[in-house]
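For reference, the structure discussed in these notes is given below.
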Amino acid sequence: MTNADLLKTAIHAPSSGFGVSVRLSPTLSLAEEIDRARSEGQSVLSLSTPTFPEITEANALDFPFSNKLTPAEGLAPLRNAARERFFGRWALPDHHLFISAGAKIAEFAAMRALLPEQSTVLIVGPAWPSYDDIVRMAGHRPVMLQLDSADNFTIRSGAVAEAFAATGAAAMILSNPCNPTGRVHTGEELAILLDQAEGHGAFLMVDESFSNVMFDSTAWRGAVTRPSELLLLFNSFSKNYHLQGLRVGVCMAHERVYKQVVAAHQTLMSSAPSLSQAAALATLRHMESIPASSHYRAARAIAIEIVERNGWRCSPNQGTFYIFPKLPQAEQTLARMRAEGLFPLRGDAFGARYGDHFRFCFGRPEEEMVEIRRRLARAGLLGQR
């Protein structure tokens with residue numbers, strides 16, 4: 001099915017009736033399946049989700065905090081530090097930053113505050129599955145622009161123009177670097193998106209939640225575009241600093257719309273939790289204790305070796321701890337992984353046309369990757385050197 005067919009189908013899809021139709025998160029569903037298998041005594045590993053070190057003592061980083069609500073925009077020292085750390089390479093003098101209770105709720109607040117009721121939101125795919133549900137929960141209609149793996153998931157002006165013309169979208173969202181492909185979309189590609197968005201009076205929302213898990217720093221420095229009132233940026237402490245449980249994110253919005261987004265977030269959360277903000281600030285002040293991209297290099301090398309030895313087609317990983325290989329015999333290959341206790345997340349969770357891919361995560365200790373490689377070899381899925 002072509003992008004044009006998919007766009008047409010999505011536009012004319014019937015309403016689900018009462019309420020909002022959303023799915024259980026595919027990644028959380030996979031985690032629950034793994035937990036059930038382990039409770040039954042099975043030795044299983046997820047191929048899709050990271051294994052982070054667990055921090056069990058709050059005093060691992062010394063930080064003072066108050067149990068009072070912070071300002072709606074967040075703690076000023078954290079806002080200043082986060083702007084430099086997350087968005088220092090951007091030149092956006094008229095954009096302001098606020099601290100959110102995670103990136104997802106910031107994206108929801110922006111869509112709810114800025115878009116007309118029942119708008120269409122274009123999602124650049126393959127895409128993190130939560131985007132679809134965030135759009136639906138905000139009262140809008142998600143439509144995916146599915147990029148071609150044979151073209152290295154490159155954003156082309158003609159395809160973007162076609163998508164906006166076909167849908168009348170009020171916004172477009174993408175992750176950069178991309179979850180699940182690990183690709184960094186270039187400044188030229190971001191310019192295409194912004195030009196098309198501005199031409200249709202639409203917002204461009206760029207989620208940079210893996211900005212610190214970067215293996216091509218040159219590409220990342222160039223992955224910016226010009227200022228615009230219609231540009232919003234998001235980021236998160238979850239993946240960058242292994243702090244998922246804190247639920248702390250950031251959003252940058254132009255001063256013309258900034259207060260609307262902050263007000264929407266304040267209505268939902270008052271402010272991000274003060275304890276979490278204090279811990280996030282302490283983390284930025286003790287960054288030497290937080291694993292950087294180099295922490296993943298050995299595990300990444302094993303993942304790349306596995307892909308190359310099998311001859312799986314795969315875009316080069318530039319950022320994130322994910323790669324997105326295309327499997328020549330997907331059903332059989334995924335079944336053989338399962339038989340060895342390796343639980344993959346099939347690619348159609350990230351877009352309908354990617355069912356012959358899977359998300360392969362190397363965000364784990366090297367010894368886990370060694371065990372994954374051993375099991376793949378046992379399944380006959382290690383190819384030849």
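For the reader, a short list of remarks on this structure follows.
- Evaluated against (1) modelled with pLDDT of 95 or more; (2) crowded, with 18+ Cβ neighbours inside 10 Å; (3) of a type in the set (S, T, N, Q), ASN212 falls short on exactly one condition, (1).
- Restricting segment 98-118 to residues that are open to solvent by 10 Å² or more (accessible area, probe 1.4 Å) and either in a loop (DSSP other than H, G, I, E, B) or basic (Lys, Arg) (or both), the residue that is farthest from SER25 (Cα to Cα): PRO116
- Search result, residues across segment 173-194 that are assigned to a helix (DSSP H, G or I) and among the aliphatic types (A, V, I, L, M): LEU190, ALA191, ILE192, LEU193, LEU194
- Which numbered condition THR154 misses (of (1) surrounded by 23 or more Cβ atoms within 10 Å (Cβ to Cβ); (2) more than 14 Å from the chain's Cα centre (by Cα)): (1)
- Residue count for segment 119-135, restricted to those that are outside any loop (DSSP other than H, G, I, E, B) and not acidic (Asp, Glu): 10
- Residue that is nearest to the chain's Cα centre (by Cα), among those in segment 348-385 that are under 20 Å from SER315 (Cβ atoms) and open to solvent by 50 Å² or more (accessible area, probe 1.4 Å): ASP348
- Residue among ALA81, ALA138, ALA91 that alone is open to solvent by 20 Å² or more (accessible area, probe 1.4 Å), touching a helix residue (DSSP H, G or I) at 6+ places or on another chain (Cβ under 8 Å) and over 22 Å from PRO180 (Cβ atoms): ALA81
- Condition check for GLY201: over 16 Å from ILE155 (Cα atoms), open to solvent by 10 Å² or more (accessible area, probe 1.4 Å) and touching a residue at least 24 places away in the same chain (Cβ under 8 Å): yes
- Subset tally (residues that are surrounded by 15 or more Cβ atoms within 10 Å (Cβ to Cβ) and on the phi > 0 side of the Ramachandran plot) for segment 296-324: 1
- The residues on offer are ALA264, ALA301, ALA253, and the sole one that is farther than 22 Å from PRO180 by Cβ and in a helix (DSSP H, G or I) is ALA264.
- Within the span defined as segment 325-344, one or more residues are among the polar types (S, T, N, Q), farther than 21 Å from TYR296 by Cβ, open to solvent by 60 Å² or more (accessible area, probe 1.4 Å) and out of contact with any Ser or Thr (no Cβ under 9 Å at 6 or more places or on another chain).
- Just one of the listed residues (PRO71, PRO64) is closer than 20 Å to GLN277 by Cα, surrounded by fewer than 16 Cβ atoms within 10 Å (Cβ to Cβ), modelled with pLDDT of 75 or more and not polar (S, T, N, Q), namely PRO71.
The values are calculated or read from the model by the stated rules, or taken from the named source; none is laboratory data. As the structure is a computational prediction, the values presented were derived from the model and not from experiment. All Cβ positions, even for glycine, are placed from backbone atoms using ideal geometry, and neighbour counts span all protein chains on display. Accessible surface areas use protein heavy atoms only, side chains included; no ligands, DNA or RNA. Shrake-Rupley method; radii C 1.70, N 1.55, O 1.52, S 1.80 Å.
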